[in-house]
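One structure is given here, and the rest of the page talks about it.
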Amino acid sequence: MGIINVLDTKTANAIKAGEVIERPVSVVKELFDNAVDSRATRITVEFSGGGIAFIRVTDNGVGMDSEDARKAFLIHATSKLSKIDDILSLTTMGFRGEALASIAACSDVTLVTGQSEGIATRITYEDGNYTGSESCNAAAGTTVEVRHLFANYPARYKFLKKDSTEGMYITGIIEKLAVVNPSISVKLVKDSEVQFTTPGTGSMLDAVYAVYGKQTANALIPVDYHMESYTLSGFCGNTSYVRGNRGLQCIYVNERVIRSKTITAAIDEAYKNAVMKNRFPVCFLKIDCAPGSVDVNVHPQKAEVRFENDSTVFRLVCNGIRDALNGSGQAGFDFLGAQNNGKDGDNISREPVSNAGTQIRMDVHKLTNSPSRISDSDFRASGSVAGDSASASKLLKILSAFKPNPDEISRETQRSYTEDPVTVKPDVNEADDRNSAERIIESEDTDDDISLLRKADFVGFLFTTYMIFQSESDVFFVDQHAAHERILYEKYMAKMKPGTKPDDIESLLVPQIVPVSAQDYAFISDHIDDFADNGFEIELLGDREIALRTMPFGTKSSPATVFEQIMDDLKKDVPAKSQIWYALMQTTACKAAIRAGEVITREEALSLVDSMTRLDDPYHCAHGRPTFFRISRRDFEKNFRRIV
């Protein structure tokens, strides 16, 4: 007698439910996707008890007749496709026909659906068993009510988390779905309390404003970028609005919420050196492409996709964000750490955004020849950058030509680089609150932060660390260490490419013998060629000792001490093999720069700021910290209550 059994429908559905319905949020997402596919313009999601006790999703879509309503609970019953080839041209959220069958297998379900007002069908299931169907009076559309999830499956139930945690998961996914469906008015009700309602105006920014609030909406920069058959749209956050996790990095592919390591890596690359370590910018990014160029059938919950060309997607996202950041407006920070968006911080306009992906190019001669009261005298040979227009233009050309080998890097880390033009950002003005969350970014004939700083008068030093400059209506506080670090970093970037040596290596008269740990010795041994490429000539002496013979840049500190600090930094966040070049460059610039608390002269301060204002990115140090803050006269007057 054979030992292979053909499972009955109830058992098969229960097993399938284990793949599709992992927790309450899986139920909500499947029902929401069905509502979107029904061409609904209003969707209401209600839940209580973390979604374990009760879930109800109501829409005003096309609904179903009584025959289709009964078929909908059969396994693999779907209106989205009829043959496997259809999946290559799929434009709907759902397609497998598993959702209702899987949900009914592990809960009590009531479905009410109709195609016209007052004529509807009610179907009920309990613990996977069909219990009845009847006609009823209801509005056009569909309502699905789910109760007692996993009540008869204790093995699955025990793996659920607290109600509050499960509820948090539901809220999180509905927030993301509401943003990517701005033409649908989405209402979320938790434990009988409305959490949010989106207006359904078709504007993603309006949806973000309704879901995440004014602060998040005002920190966003429009993205519009095209590459081959892919289109990137949505918003990326400015460099000063960051979070401690990736919770607000929302990625959508053909309107579908997904996770993607490729896209996450591209976001990190686009913001590299502009945000602090372990801080994550906000993004709401939509990728639109032909259905045949992405496989959506690779994950049980459809949470992941497979792209036909990962490299193209990486470059699309990375270059698209860089393009948006370069053309967006101010990149500086105000006194409280928020992005400085104009002269009057109280008037940020939220008019409709118009963005065709164009850039406003920097007039280098206007920048470098603008009236300045800052001296061009060099503050020290190791850190100064030529102050004349020709040298600044030459530096910018060198920087724009800098391009590591993308093929070599992308094989290991999916990083790529492009030759982006240098851009300036127009001002953004803030207006009074309105229901619309839209803003307009428009070019104005006003000076940006850098131009204002170049014209400012030197006032003095604060805490032997911060240089103070004053213009007509603003005060600037410049971090001497961060500014010098950025100067050295860009000088290093301009003169070097991976695999070449810097031209300003300092040979030590007496080699420095540095004892290191076994772990450090192994690290140095593995990367000794990378150290040599960056100006560190190191001899391995054995017995966990090395001889340091050369160093890039000059430093007042002991070379051995500086090298130990560099090793400490590298160990905190060990870089990938292809990224060791950048990590060394950042850390070396940091350790060779003027220190906080180090006394410098007025002339050195003037030259330092003059050099900084001519950089490709004068706003951040090599590690992403701000180099200066700007406080307006209006801010002082408001704080002293001279104006209200």
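The values are calculated or read from the model by the stated rules, or taken from the named source; none is laboratory data. Predicted model only: the values in this text are computed from it and were never measured. Note: ideal-geometry Cβ built from the backbone for every residue, glycine included; neighbour counts use all protein chains shown. Only protein heavy atoms, including side chains, enter the accessible area calculation; ligands, DNA and RNA are left aside. Shrake-Rupley method; radii C 1.70, N 1.55, O 1.52, S 1.80 Å.
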- Any residue in the range 174-191 that's among the acidic types (Asp, Glu): show its pairings with residues that are surrounded by fewer than 20 Cβ atoms within 10 Å (Cβ to Cβ) at Cβ separation under 9 Å, as long as the two are six or more apart or on different chains. GLU175/GLN195; GLU175/PHE196; ASP191/SER48; ASP191/GLY49
- Task: Scan (1) in a helix (DSSP H, G or I); (2) open to solvent by 40 Å² or more (accessible area, probe 1.4 Å); (3) charged (D, E, K, R); (4) modelled with pLDDT of 85 or more for the single condition GLU166 breaks and write down its number.
- Result: (2)
- Query: Name the residues in the range 604-622 that are in contact with an Asp or Glu (Cβ under 8 Å, 6 or more places away or on another chain) and either part of a strand (DSSP E or B) or farther than 22 Å from LEU462 by Cα (or both), would you?
  - Reply: LEU615, ASP616, ASP617, ALA622
- Task: Residues that are over 30 Å from ILE287 (Cβ atoms) and modelled with pLDDT of 75 or more: find the helices (runs of 4 or more DSSP H) completely inside the range 1-100 holding 2 or more of those.
- Result: 66-71
- Message: Give all pairs with beta carbons closer than 9 Å in which a residue from the range 251-277 that is farther than 30 Å from VAL28 by Cα and free of Cβ contacts under 8 Å to residues at least 40 places away in the same chain meets a residue that is in a strand (DSSP E or B) and open to solvent by 20 Å² or more (accessible area, probe 1.4 Å); count only pairs at least 6 apart in sequence or on separate chains.
- Response: ASP268/PHE280
- Message: Where the second residue is open to solvent by 80 Å² or more (accessible area, probe 1.4 Å) and among the β-branched types (Val, Ile, Thr) and the first is free of Cβ contacts under 8 Å to residues at least 24 places away in the same chain and lies in the range 536-547, which pairs have Cβ atoms under 7 Å and are six or more apart or on separate chains?
- Response: none
- Query: From the list LEU232, LEU177, LEU220, which residue is in contact with a His (Cβ under 9 Å, 6 or more places away or on another chain), at pLDDT 90 or above, surrounded by 21 or more Cβ atoms within 10 Å (Cβ to Cβ) and at negative phi?
  - Reply: LEU232
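Evaluate the following for GLY247: is it touching a residue at least 40 places away in the same chain (Cβ under 8 Å), closer than 30 Å to THR587 by Cα and surrounded by fewer than 19 Cβ atoms within 10 Å (Cβ to Cβ)?
Working: touching a residue at least 40 places away in the same chain (Cβ under 8 Å): yes; closer than 30 Å to THR587 by Cα: yes; surrounded by fewer than 19 Cβ atoms within 10 Å (Cβ to Cβ): yes.
Yes.
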- Message: Restricting to the range 107-139, name every residue that is in contact with a Gly (Cβ under 7 Å, 6 or more places away or on another chain) and buried (at least 16 other Cβ atoms within 10 Å of the Cβ).
- Response: THR113, GLY114, GLN115, ALA120, THR121, THR124, ALA138
- Note on the structure: Among residues of the range 140-151 being out of contact with any Gly (no Cβ under 8 Å at 6 or more places or on another chain) and assigned to a loop (DSSP other than H, G, I, E, B), the residue least open to solvent (accessible area, probe 1.4 Å) is PHE150
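Within the range 278-292, track down each residue that is open to solvent by 10 Å² or more (accessible area, probe 1.4 Å), in contact (Cβ under 8 Å) with a residue 60 or more places away in the chain and within 19 Å of MET227 (Cβ to Cβ). Talk me through it step by step, then tell me what you get.
Initially, the range 278-292 is screened for residues open to solvent by 10 Å² or more (accessible area, probe 1.4 Å), giving 278-280, 286, 288-292.
Add one more test, that the residue is in contact (Cβ under 8 Å) with a residue 60 or more places away in the chain, and what stays is 279, 286, 289-292.
Across the range 278-292, the qualifying residues are LYS286, CYS289, ALA290, PRO291, GLY292.
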